[in-house]
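**Student:** Can you keep this structure in mind? I'll have questions shortly.
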Amino acid sequence: MILGILKDDDDRVALTPDVIQKLTDSYQVFIEAGAGNRAFFADSLYSEAGATIASAKEVVQKANVLVRIKPPAETVFQNLPSGSVVISSFQPYNQPEIVDQLSQYSITVFSMDMLPRTTLAQDKDVLSSMASMAGYRAVLEAATHLPRYFPMLTTAAGSIPPAKVLILGAGVAGLQAIATAKRLGAVVEAFDTRLAVKEEVQSLGAKFVEVEGATDDKDAGGYAVEQSEEYKQRQQALTRAKSEKADVIISTALLRGKKSPILITQETVEAMKPGSVIVDLAAAGGGNCALTKNNETIHHQGITIIGDSSLEAKMPMHASQLYAKNIFNFLKILTKDGKLHLDFENPLIDGACIVHQGQPHYQIPQ
Ligand code: NAD
């Protein structure tokens, strides 16, 4: 069986040499020349691990299993051998038409962002690996843009109070942001509509801010659901009050398949202290801040608003390593005795598959 890896759209690469070494029992690996360069994995390391360095065309024409972080271009699907498996992240909940589009080809497609978020999925969960890196990096970006210290300092020239950081959304990214901001010495507050995270927030040393009356839907697979207008207004008012004192806001509140909720209005931005920084990790869904521009850093009345929605790609070496490990663990459940074995009784395989042998295998969540 041939496993193919193509160059990706950013600096990451989907599989790293350490992982390829463990796959050569079941797979012959073909990788596009230079695919790992920007993540500091040279072609020579892939060759030493047992992979063949090839052109993109050759990789596509040979691959029985093709792995990419970002979805490949349409031409790739046209040129894959019939019966191939493609593994990437297609966000079908944001663009359901992709399922019919890919069903034109007699291939099977797995979308890693569709894995059910269960305990069994943890070692394959690319969303968590990447969100955790983004949460860490968001704090570092904020710290470098902030015209002041994070930690409290007592110096001969005077005392510096600690920075105040407000985290909106305490999922994987938010919790990592809390931990990182605490390590840098900031005073941290966080809130989330899911009360289940209160203890986790507190155990990291941050204060949990509560807005009463949240809808916490047990059937939403752990994901937050859209809140009532009344709740949103209460939340915006509280954010506004907290923002006046905050030096940094890191917002991570995403709603699957829906526009991100606006938690920081323009009025709130304008009430912040000059020099303050907002890092909006929900930028891809429109942003939690009304002024956010996806993948841009803007300045509004002295406030910096960073809308980079793939901060993890700024750390391509570890992002690639973690992504590769997740894919390795996923490939293990797709393979038996050196052959592809797609057991649809396994909820992880069933949940992540969006097209099976040219047939749609996806139900749009209600
Ligand atoms: P996410 O990226 O979808 O959302 C980020 C956070 O924003 C969430 O905590 C969400 O509750 C919060 N949020 C949404 N709307 C909000 C609002 N209006 N105000 C404040 N906060 C708001 O979340 P995620 O980090 O990907 O995690 C999603 C779920 O999956 C969580 O329940 C998490 O615990 C669970 N999870 C499970 C596993 C696993 O077992 N494999 C791994 C990771 C996460």
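The values are calculated or read from the model by the stated rules, or taken from the named source; none is laboratory data. Please read these numbers as outputs of a predicted model, since none were measured by experiment. Counting neighbours? That spans all protein chains shown, and the Cβs are built from the backbone with ideal geometry, glycine included. The protein model used for the area step is the full one, side chains on, heavy atoms only, and it has no ligands, DNA or RNA in it. Shrake-Rupley method; radii C 1.70, N 1.55, O 1.52, S 1.80 Å.
**Student:** Based on the Cβ-Cβ distance of N37 and L340, what FRET efficiency does E = 1/(1 + (r/R0)^6) give at R0 = 35 Å, to the nearest 0.05?
**Tutor:** The computed FRET efficiency comes out at 0.75.
**Student:** Moving to a separate point now. Determine the alpha carbon to alpha carbon distance for each of K57/K339; K70/K164; K22/K259 and list only those over 32 Å.
**Tutor:** K70/K164; K22/K259, as the Cα separations exceed 32 Å there.
**Student:** If you don't mind, there's one more thing I want to ask. Report, in debye and to the nearest 20, how large the dipole of the chain comes out about its Cα centre when Lys and Arg carry +1 and Asp and Glu carry -1 on their Cβ.
**Tutor:** So the dipole magnitude of the chain works out to roughly 680 debye.
**Student:** Obtain the nm distance between the two label points defined at N295 and Q363 by a simple spin-label model: each point lies 7 Å from its Cα along the Cα-to-C-beta direction.
**Tutor:** Placing both labels 7 Å beyond Cα along the Cβ direction yields 3.4 nm.
**Student:** Work from the charge dipole of the chain (Cβ charges, +1 for Lys and Arg, -1 for Asp and Glu, about the Cα centre) and give the residue of S129, A143, M317 farthest towards its positive end.
**Tutor:** A143
**Student:** Using 7 Å Cα-to-Cβ label points, what is the E199/D18 separation (nm, one decimal)?
**Tutor:** Taking the two extended label points, one gets 3.2 nm.
**Student:** Also, I was wondering about something else. Considering the chain as a Gaussian network with a 10 Å cut-off on Cα pairs, which listed residue, L153, L127, L291, attains the greatest mean-square fluctuation?
**Tutor:** L153
**Student:** Now for a separate question. How much length is gained if the chain between F208 and M1 is pulled fully straight, taking 0.36 nm per residue apart and subtracting their Cα-Cα distance, in nm to one decimal?
**Tutor:** That pair, F208 and M1, stretches by 69.5 nm at full extension.
**Student:** If you line up the long axis of helix 316-334 against the longest principal axis of the chain, both from Cα atoms, how many degrees apart are they, to the nearest 10?
**Tutor:** That works out to roughly 50 degrees.
**Student:** Go ahead and collect, in residue order, the members of the stretch 162-195 whose backbone nitrogen is under 15 Å from a label point 7 Å along the Cα-Cβ direction of T154.
**Tutor:** Under 15 Å, as judged by backbone N against the label point of T154, lie 162 of the stretch 162-195.
**Student:** Sticking with this structure for a sec: Given the protein chains as shown and a 1.4 Å probe, how many square angstrom of H356 are accessible, to the nearest 10?
**Tutor:** Approximately 50 Å² of H356 is accessible to the 1.4 Å probe.
**Student:** Let me ask another. For the pair T144/D9, report the inter-label distance in nm, with labels modelled 7 Å from Cα in the Cβ direction.
**Tutor:** 2.3 nm
**Student:** For the stretch 247-318 and the stretch 153-211, compute the distance between their C-alpha centroids and round to whole Å.
**Tutor:** Cα centres, the stretch 247-318 to the stretch 153-211: 17 Å.
**Student:** Which percentage, to the nearest 5, of the DSSP beta bridges contained in the stretch 131-314 is antiparallel?
**Tutor:** Antiparallel: roughly 25 percent of the beta bridges in the stretch 131-314.
**Student:** Ok, one more. Using Cα pairs under 8 angstrom and six or more residues apart, how large is the relative contact order of the stretch 126-182, in percent?
**Tutor:** Contact order relative to length: 45 percent.
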